[in-house]
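The values are calculated or read from the model by the stated rules, or taken from the named source; none is laboratory data. Note that the coordinates shown come from a computational prediction; the quantities given were computed from them, not determined experimentally. Cβ coordinates were reconstructed from backbone atoms using ideal geometry, including for glycine residues, and neighbour counts include every protein chain displayed.
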Amino acid sequence: MNKDTTNHVKDGVEPRTLFKPQLFSKKEVQTIRTTNVHLKRKDDYMKKVIDRASSRGFFNHGWLKTYHTFSFANYYNPERIHFGALRVLNDDSVAPTRGFDTHPHKNMEVISIPLKGYLRHGDSVQNTKTITPGDIQVMSTGSGIYHSEFNGSETEQLEFLQIWIFPRVENTKPEYNNFDIRPLLKQNELALILSPDGKTPASIKQDAWFSMGTFDTDKTIEYRMHQEGNGVYIFVLEGEITVAEERLSKRDGIGIWDTNQFEIHITKGTQLLLMEVPM
């Protein structure tokens, strides 16, 4: 889906309040997803859903180029609302000095992962921070918080992922943290970077585990679920993989559930993000 929505943007600042983030209640989202049975292959020992990079919602605002894996803002696909507790996976590229002006969030766990450049954050509880690749930013928005996100560079493009997870509990006190995950990122190892129990640098108010890694060609990864009933959404940042009898390339995604473990084979040097969430 290609659509230029530049007329919705004013002065190079994206008011995310125009982008209605939660089109449905949590209950409604869950109902919609579970009724999409045509996405599941009954003869598989595991369930899977595939989201090709080319099938994502795309909007070009000039200063902002954004891809939406799941329904978000002006992109609506009733078959692509969420994956379990994973509600939003946005892949953004922001021009120098531009960004998202102050906007509200409520009752959502928001994770920002810079892939290139400088991501500058500010919020209503007096946090100000610029992070770069190797850092992650986590907000538990709870009862409500206002924040802004800008490209902190005057010359370099900013590329980052913004991920929203439904929380386990709502209306909590808002929290903001950023974490340096560089010591965990080792070639050909899948690093656990976020968990619910404080055993990783980052944690959120949900039974979710995030892992990242960069791998050479012909490596094989075995992934085991951390919690029964969870599913894993795999997002291919770079390279190519084979998983669940499917070949995936750069920016493809696949959700896997109803299994305790699976293997990922690296067919071309790759960087991966795995997000394990309740289904």
message: Suppose we filter segment 149-160 for residues that are buried (at least 20 other Cβ atoms within 10 Å of the Cβ) and touching a residue at least 60 places away in the same chain (Cβ under 8 Å); how many remain?
response: 2
- prompt: Which residue pairs have Cβ atoms under 6 Å apart, sit 6 or more places apart or on different chains, and have a first residue in segment 226-247 that is at negative phi and a second that is polar (S, T, N, Q)?
  reply: 237/271; 238/270; 238/271; 240/249; 240/267; 241/270; 242/267
message: So, restricting to strands (runs of 3 or more DSSP E) that lie completely within segment 155-251, which ones have at least 2 residues that are touching a Lys or Arg at 6+ places or on another chain (Cβ under 6 Å)?
response: 158-165, 230-243
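Which ones in segment 44-54 are under 27 Å from residue 96 (Cα atoms), out of contact with any Phe, Trp or Tyr (no Cβ under 9 Å at 6 or more places or on another chain) and either among the acidic types (Asp, Glu) or surrounded by 16 or more Cβ atoms within 10 Å (Cβ to Cβ) (or both)?
Across segment 44-54, there are no qualifying residues.
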Matching entry among 156, 79, 109 (being at pLDDT below 95, within 25 Å of residue 272 (Cα to Cα) and either touching a strand residue (DSSP E or B) at 6+ places or on another chain (Cβ under 6 Å) or not polar (S, T, N, Q) (or both)): 79
- prompt: Quick one: which of 156, 170 is more than 25 Å from residue 72 (Cβ to Cβ) and more than 19 Å from the chain's Cα centre (by Cα)?
  reply: 156
field: Residues of segment 184-200 classified as in contact (Cβ under 8 Å) with a residue 60 or more places away in the chain and over 15 Å from residue 109 (Cα atoms), total
entry: 1
message: Considering only residues that are out of contact with any Asp or Glu (no Cβ under 8 Å at 6 or more places or on another chain), without any contact (Cβ under 8 Å) to a residue 40 or more places away in the chain and under 20 Å from residue 86 (Cα atoms), which ones fall in segment 161-183?
response: 169, 172, 175
Residue among 275, 279 that is aliphatic (A, V, I, L, M) and in contact with a Lys or Arg (Cβ under 9 Å, 6 or more places away or on another chain): 279
query: Can you pull out the residues in segment 161-186 that are within 19 Å of residue 234 (Cβ to Cβ), of a type in the set (S, T, N, Q) and surrounded by fewer than 20 Cβ atoms within 10 Å (Cβ to Cβ)?
result: none
message: Pull out all pairs, ordered by first then second residue, where Cβ-Cβ is under 8 Å, the residues are six or more apart or on different chains, the first lies in segment 256-270 and is buried (at least 17 other Cβ atoms within 10 Å of the Cβ), and the second is outside any strand (DSSP E or B) and aliphatic (A, V, I, L, M).
response: 256/46; 256/244; 257/46; 257/279; 259/46; 259/225; 262/46; 262/244
field: segment 212-240, residues that are within 30 Å of residue 168 (Cβ to Cβ) and among the β-branched types (Val, Ile, Thr)
entry: 221, 232, 234, 236
field: Only listed residue being closer than 24 Å to residue 271 by Cα and not basic (Lys, Arg), chosen from 171, 127, 151
entry: 151
task: Select from segment 125-141 the residues that are in contact (Cβ under 8 Å) with a residue 40 or more places away in the chain and in a loop (DSSP other than H, G, I, E, B) and list them in ascending order.
output: 125, 127, 134
query: Among the residues of segment 204-211, is any crowded, with 20+ Cβ neighbours inside 10 Å, of a type outside the set (Lys, Arg) and without any contact (Cβ under 8 Å) to a residue 60 or more places away in the chain?
result: no
message: Go through segment 91-121 and report how many residues are within 23 Å of residue 65 (Cβ to Cβ) and in a strand (DSSP E or B).
response: 20
